[in-house]
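Visitor: I have a structure I would like to understand better, so I am pasting it below and will then ask my questions one at a time.
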Amino acid sequence: TGFEFYKLGANLGGALALCGCAIALHTGAGVPKSVPFALHYYTRAAEAGCEVACSVLGWGFAKGNLLGLPFDENEARRWFERMPGCAFQTSRPNIRDKAKAWLAAH
């Protein structure tokens with residue numbers, strides 16, 4: 001399956017592969033859905049420089065109750081602020097704009 005290939009790359013620390021694992025686990029695409037395991041992979045992907053993962057974590061904390069994360073403005077800010085420096089700029093421009101707008105308002 002596609003997840004198995006993502007997992008191979010994730011085992012090597014690849015940011016995009018880690019994010020692919022997270023998305024598959026978050027949505028249940030090709031594997032049983034596991035939000036806690038998805039959160040683990042999103043965090044690893046964000047730390048490895050994946051902009052999409054930083055955005056997901058940022059919104060998780062900004063909104064609260066997304067991925068089981070609590071509302072926490074400081075954590076949301078931390079992940080949104082990391083987005084511009086990510087090595088893998090794979091978010092859509094509107095996602096970047098929304099994160100910038102959230103930062104400006106908070």
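Visitor: Being closer than 9 Å to Gly58 by Cβ and hydrophobic (A, V, I, L, M, F, W, C) is the filter here, so list the residues in region 74-102 that pass it.
Guide: Pass one, region 74-102, residues closer than 9 Å to Gly58 by Cβ: 75-83, 99, 102.
Scanning region 74-102 gives Ala76, Trp79, Phe80, Met83, Ala99, Trp102.
Visitor: Just for helices (runs of 4 or more DSSP H) wholly inside region 1-89: which have at least 1 residues that are more than 18 Å from Ala101 (Cβ to Cβ) and under 9 Å from the mean Cα position of the chain (by Cα)? Show your work before the answer.
Guide: Values: elements: 2-11, 15-27, 35-47, 51-63, 73-82.
Filter on region 1-89 gives 15-27, 35-47, 51-63.
Visitor: I've got another one for you. Just wondering, is there one or more residues in region 49-66 that are modelled with pLDDT under 95, open to solvent by 40 Å² or more (accessible area, probe 1.4 Å) and in contact with a Cys (Cβ under 8 Å, 6 or more places away or on another chain)?
Guide: The answer is no, given that none of the residues of region 49-66 is modelled with pLDDT under 95, open to solvent by 40 Å² or more (accessible area, probe 1.4 Å) and in contact with a Cys (Cβ under 8 Å, 6 or more places away or on another chain).
Visitor: Ala38 - would you say it is modelled with pLDDT of 95 or more, open to solvent by less than 40 Å² (accessible area, probe 1.4 Å) and in contact with a His (Cβ under 6 Å, 6 or more places away or on another chain)?
Guide: Values: modelled with pLDDT of 95 or more: yes; open to solvent by less than 40 Å² (accessible area, probe 1.4 Å): yes; in contact with a His (Cβ under 6 Å, 6 or more places away or on another chain): yes.
So Ala38 fits the description; yes.
Visitor: If you go through region 1-34, how many residues are closer than 21 Å to Ala87 by Cβ, open to solvent by less than 90 Å² (accessible area, probe 1.4 Å) and among the aliphatic types (A, V, I, L, M)? Spell out the reasoning first.
Guide: Residues of region 1-34 closer than 21 Å to Ala87 by Cβ: 5-23.
Filter once more, so that each one left must be open to solvent by less than 90 Å² (accessible area, probe 1.4 Å): 7, 9-10, 13-23.
Now drop any that are not among the aliphatic types (A, V, I, L, M), which leaves 10, 15-18, 22-23.
Here the count works out to 7.
Visitor: Within region 74-104, take every residue that is out of contact with any helix residue (DSSP H, G or I) (no Cβ under 7 Å at 6 or more places or on another chain), more than 12 Å from Ala46 (Cα to Cα) and among the small types (Gly, Ala, Ser) and give me the one that is least open to solvent (accessible area, probe 1.4 Å).
Guide: Ranking the qualifying residues of region 74-104, first place goes to Ala101.
The values are calculated or read from the model by the stated rules, or taken from the named source; none is laboratory data. Keep in mind that this is a model prediction, so the values were computed, not measured. Quick reminder, even Gly has a Cβ in these numbers, built from the backbone with ideal geometry, and neighbours come from all protein chains shown. Note: areas computed on protein heavy atoms with side chains; ligands, DNA, RNA excluded. Shrake-Rupley method; radii C 1.70, N 1.55, O 1.52, S 1.80 Å.
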